[in-house]
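Inspection log for the structure reproduced underneath, given as structure tokens.
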Amino acid sequence: MGMTGEYVRLTAAELDRALGDPEWARERVGELAEAADAVEGPVPEPRLHSTEKTWHALDFLLRRRAFPVDIVFGEDDLPGAAEWGHGPPRYLTPDRVRLAAEALAALTPEALDEDVNPADLTAAEIYPHIWERDGTLDWVTAEYQELARFFRIAARYRQAVVLWIG
């Protein structure tokens, strides 16, 4: 399956509880995943999001643009949390989510990958090592647009985001 970038939107109250009880947070993610799986068709405002295997390329591209928030790896550890895949979960506060949403709105998909070609990703050894294939940068920018939408929704509701590499 490989490593994937995973995200969940939490209310301020849910984040407070997660900070004191990381096991509850993991259970809550499971509940939200089950609820999402039970819905037929697309969920209009999903609480969960995955950037699939584009997480490393997104990080590479965002760092080149000096993006002000680490929306790939998060900024703060979820205290006491065990690994949720390839490391412990991290989070962004509602204020950092709002800043990220604003910065994402200002950075177009075209600007994200401007002056970058697949050879740059290959040379930087960006996971998943498939960048010579046609359409890979389009895949990354499509995932970028979905991630921007996810952050817009979280910012609208003043939510925190917990993220991890699954």
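The values are calculated or read from the model by the stated rules, or taken from the named source; none is laboratory data. Worth saying up front: this structure is predicted, and the values here are computed from it rather than measured. Note that each Cβ is placed from the backbone with ideal geometry, even for glycine, and that neighbours are counted across all protein chains shown. Ligands, DNA and RNA are stripped out before the accessible areas are found, and what is left, the full protein with its side chains, is counted by its heavy atoms. Shrake-Rupley method; radii C 1.70, N 1.55, O 1.52, S 1.80 Å.
Worth pointing out:
- All conditions but one from (1) closer than 19 Å to Tyr7 by Cβ; (2) open to solvent by 30 Å² or more (accessible area, probe 1.4 Å); (3) touching a Ser or Thr at 6+ places or on another chain (Cβ under 9 Å); (4) assigned to a helix (DSSP H, G or I) apply to Glu110; the one that does not is (1).
- Region 26-47 - residue that is under 17 Å from Pro88 (Cα atoms) and in contact with a Phe, Trp or Tyr (Cβ under 9 Å, 6 or more places away or on another chain) and, of those, surrounded by the fewest Cβ atoms within 10 Å (Cβ to Cβ): Arg26
- Checking each residue in region 62-97 for being in a helix (DSSP H, G or I) and either within 14 Å of the chain's Cα centre (by Cα) or without any contact (Cβ under 8 Å) to a residue 40 or more places away in the chain (or both) picks out Leu62, Arg63, Asp95, Arg96, Val97.
- Filter pass, Arg133 being without any contact (Cβ under 8 Å) to a residue 24 or more places away in the chain, closer than 19 Å to Val161 by Cβ, surrounded by fewer than 18 Cβ atoms within 10 Å (Cβ to Cβ) and out of contact with any strand residue (DSSP E or B) (no Cβ under 7 Å at 6 or more places or on another chain): no
- Matching option when the condition is among the β-branched types (Val, Ile, Thr), open to solvent by less than 60 Å² (accessible area, probe 1.4 Å) and more than 30 Å from Leu15 (Cα to Cα), among Val116, Val140: Val116
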